[in-house]
Amino acid sequence: MEKDRSIWKINKRKLITLLSGMWIGLSGMAQISHGGKPLPLSLLRNDQANLYVTMPAFDLDEQLRIDSLNLIGNDGAYPFAYKFMADYTPENSGERFTLADGTRVWRLGIHSPGARSINLLFSEYELPEGAQLFLYNEDQTEILGAFNHLNNSELNILPVAPIRGDRLIIEYQEPANAPFHARLKIGEINHGYRVLKGVEPQETNDDIATIPALTCYDSSNAELRRWGHSSVLMIVDGVYMCSGVLVNNTGNDGKPYVLTASHCLNNKFTIANPDYAAIAGSIVFFFNYDSPLCDPPLRGTEEMSMSSSYYRAVNELGDLALLELTEMPPVYYQPYLAGWQADGPGTAPYICLQHPNGADTRLSLSEYELEAKTFSIPEMPFYKEGHWMVPEWTIGHTASGASGSPLFDQDGSVVGILSGGNSTNKAPYRDYFYRLDVAWDNHSSASRQLAYWLDPSGNDIRKCEGLDPYEASPCERLSNVERSGLKEFVTHSTFQGNASEPLFGNNSSGTTTYAEEYTCEGRHLLYGVYIVTPSAGDRYRYLDVDILVYNGENGPDHLLHTEHFQPAYANKSALGDSITETSKSLNRAQESFIRFEQPVEVEGDFYVGYRINDAPEETYFRAYNLPPGATSHNSTWILADGSWVEATNYFPARFRTALYIDPVIRYEPLSVDNMPIEPTKSPIVIHAHQGLVEVIGAANAPYSLHSINGQIILSGKIGSDRASLNLSSYSSGIYILQVGGKHPIIQKIRL
């Protein structure tokens with residue numbers, strides 16, 4: 001990717017110098033897919049007049065004018081959709097028919113002319129077991145679903161992520177023997193008038209482009225990368241985009257709290273008596289939405305998302321909002337609960353991780369000490385000196401959509417959350433972050449303070465370290481491209497000089513299968529694969545591609561797993577175990593994560609790659625690759641004429657390279673009776689303090705205590721749902737506690 005990197009050479013060198021000094025002396029309800037597809041569109045479909053309801057027109061120019069007036073400085077929530085209130089149910093709209101097996105089907109089409117995307121809120125949602133709900137576009141190239149009874153929640157609502165375009169279809173299938181009829185009501189329809197999540201090429205503006213991507217710096221800094229795993233992009237109420245951050249609490253109990261700004265939840269203080277519980281339940285959270293490249297940033301991974309949360313605390317006078325996800329994100333998300341301090345401003349330099357305009361994670365840095373200031377806006381009289389002011393940004397600034405983003409001090413502690421300001425590229429001055437020390441206990445009510453939630457002991461502990469909830473058995477992203485240190489120079493090599501045909505894709509040679517080699521010591525579980533791809537062309541939707549996993553000592557030999565390539569982002573309901581997915585467009589350069597239906601066990605040499613089964617004319621699929629001469633070790637293999645050959649021996653290539661295909665692996669946990677352990681969906685709460693280990697949620701489960709080298713020291717059975725193990729007689733140090741039988745929880749503890 002040839003480009004002018006002169007602007008980055010100065011900024012990267014300066015920031016890397018600053019970052020390298022920051023850590024001197026430092027010690028060291030997710031939805032899992034149930035599958036299923038909607039019925040063919042041709043099946044018993046009536047004419048479109050009966051299927052579709054059409055949303056009324058609205059004044060887009062006036063809406064954009066209102067948006068500009070309502071922004072808090074430049075840093076308010078980023079509005080992208082217009083909300084229509086609705087009341088559509090299977091009883092009053094759409095078409096209904098019954099299949100031969102007695103399955104009752106309801107279909108309803110929504111048409112909102114000119115919409116860039118449409119998203120819905122089911123204001124009533126309760127499905128019987130066996131029923132399925134899908135949402136899709138007209139040609140079923142983007143599908144959300146299946147939603148089912150596992151998505152039922154105590155809130156009885158279901159927010160869903162947007163589907164691109166100005167038409168979508170809802171399809172509900174209810175079996176003949178269902179114990180009750182579903183409660184389904186579409187209460188809100190949101191017309192997207194801006195491109196969703198990420199700055200599309202035609203909408204990129206110079207102001208956003210001057211806020212560097214996190215990936216410009218986190219490759220060389222593990223701590224910064226970890227902070228990035230705490231950053232979240234939020235779609236609130238189907239209309240606004242904001243930022244937020246996962247935070248730990250002093251109990252280290254793994255509760256997935258999210259800090260953000262209250263004005264993100266109440267439409268910038270314009271809603272009278274907002275129902276924060278309902279608003280929290282309607283939020284969709286995106287994790288690891290990061291560009292794989294620094295310059296230019298590409299569209300990041302959208303596949304890792306969860307929806308709905310619990311409202312814990314809001315204090316408008318401090319702009320405080322604290323939410324709790326309904327469940328810990330799964331291990332392959334690599335979530336990190338950031339540390340924080342509520343006893344002062346910390347020390348410079350400071351870093352803000354944000355999602356301006358709903359873009360990939362961006363980074364701003366200030367070398368200047370914070371100043372306690374009173375931040376005032378017409379809509380809300382904030383606490384006097386209730387904000388930290390960043391007087392000037394050394395690199396970057398903030399923008400609309402960054403509201404709710406965290407400000408980290410040099411130790412990695414969150415000290416403030418962005419409320420607003422007026423910084424721009426040309427004037428990177430004066431942004432205001434609400435102070436955690438002011439929001440700590442400025443109000444006596446638990447629902448209006450941080451202390452009750454973030455310090456459950458009640459001991460007024462105002463500083464907390466971060467927590468990796470899967471530290472005992474984490475996931476790791478492997479990358480030959482990143483390991484080379486040359487990922488910014490990746491390209492898509494062409495076949496024999498034909499610019500339209502990729503060397504490592506479908507071309508006139510007839511080769512269609514490619515793989516990247518990796519090696520691991522011991523057994524690992526492979527959860528999925530990141531793949532970074534150029535645009536596949538305008539007819540991308542007809543591509544048929546598989547992701548492949550092989551093992552073998554001298555090249556790919558035995559096929560272990562095949563997963564269909566259909567990059568999609570997930571949406572999480574308030575409760576349940578299903579991930580519902582909607583397909584992503586492939587007509588742009590981007591990173592995608594393909595999650596495997598079940599983790600694949602790998603050991604020693606293994607290979608991950610892709611096979612192009614079919615592609616329409618002028619549509620080319622391939623991964624980015626390192627250019628010739630960029631690496632001293634080749635790791636790319638091609639299946640040519642029925643035999644696997646390395647790229648160095650493949651006649652059209654004859655050079656060393658690496659494909660941008662990154663597996664996500666996890667060291668396989670301990671096993672019982674030689675049975676492999678299935679991945680943990682949510683950790684049992686285990687908390688160790690001064691020799692006492694509290695275990696919650698594991699009544700009658702067996703446990704064993706292991707030394708760090710795996711030797712069993714103690715074993716027994718947990719007596720109750722909330723039990724304490726007295727291990728004070730053992731020497732201080734790191735141990736491994738295993739709780740459970742066939743599928744145990746493994747956690748590292750310190751005594």
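If you take all other residues with their beta carbon under 13 Å from the beta carbon of residue 454, and give Lys and Arg +1 and Asp and Glu -1, the sum is -4.
For the range 280-362, a/c is not less than 1.5, where a ≥ b ≥ c are the root eigenvalues of the C-alpha gyration tensor, and a/b does not top b/c. That puts it in the oblate class.
Computed from phi, the 3J(HN,Hα) profile of the range 480-495 under the Karplus parametrisation 6.51, -1.76, 1.60 (θ = phi - 60°) reads 5, 5, 5, 4, 5, x, 10, 5, 5, 9, 4, 9, 10, 4, 9, 8 Hz, with x in place of Gly and Pro. Between residue 371 and residue 509, the modelled label-to-label distance comes to 6.2 nm, taking each label 7 Å out from Cα in the direction of the beta carbon.
With a ≥ b ≥ c taken as the square roots of the eigenvalues of the C-alpha gyration tensor of the range 444-533, please select rounded if a/c is under 1.5 and otherwise prolate if a/b is larger than b/c or oblate if it is not? Prolate, because a/c is 1.5 or more and a/b exceeds b/c. With all distinct Cα pairs included, what does the Kirkwood hydrodynamic radius of the range 371-502 come out to in Å, to one decimal, could you say? Result for the range 371-502 stands at 18.9 Å.
For the range 124-261, a/c is not less than 1.5, where a ≥ b ≥ c are the root eigenvalues of the C-alpha gyration tensor, and a/b does not top b/c. That puts it in the oblate class.
Count Lys and Arg as plus one, Asp and Glu as minus one, and take only other residues whose Cβ is under 12 Å from that of residue 385; the net charge is then +1.
Local charge sum around residue 277 (other residues, Cβ-Cβ under 14 Å, Lys/Arg +1, Asp/Glu -1)? Within the 14 Å Cβ shell, the charges total -3. Note on residue 216: accessible area approximately 10 square angstrom, rounded to 10, probe 1.4 Å, nucleic acids and ligands left out.
The values are calculated or read from the model by the stated rules, or taken from the named source; none is laboratory data. Remember, it's a predicted structure, so these values are computed and weren't measured experimentally. Note that we place each Cβ from the backbone using ideal geometry, even for glycine, and neighbour counts take in every protein chain shown. The area values use the complete protein model at the heavy-atom level, side chains included, leaving out ligands, DNA and RNA. Shrake-Rupley method; radii C 1.70, N 1.55, O 1.52, S 1.80 Å.
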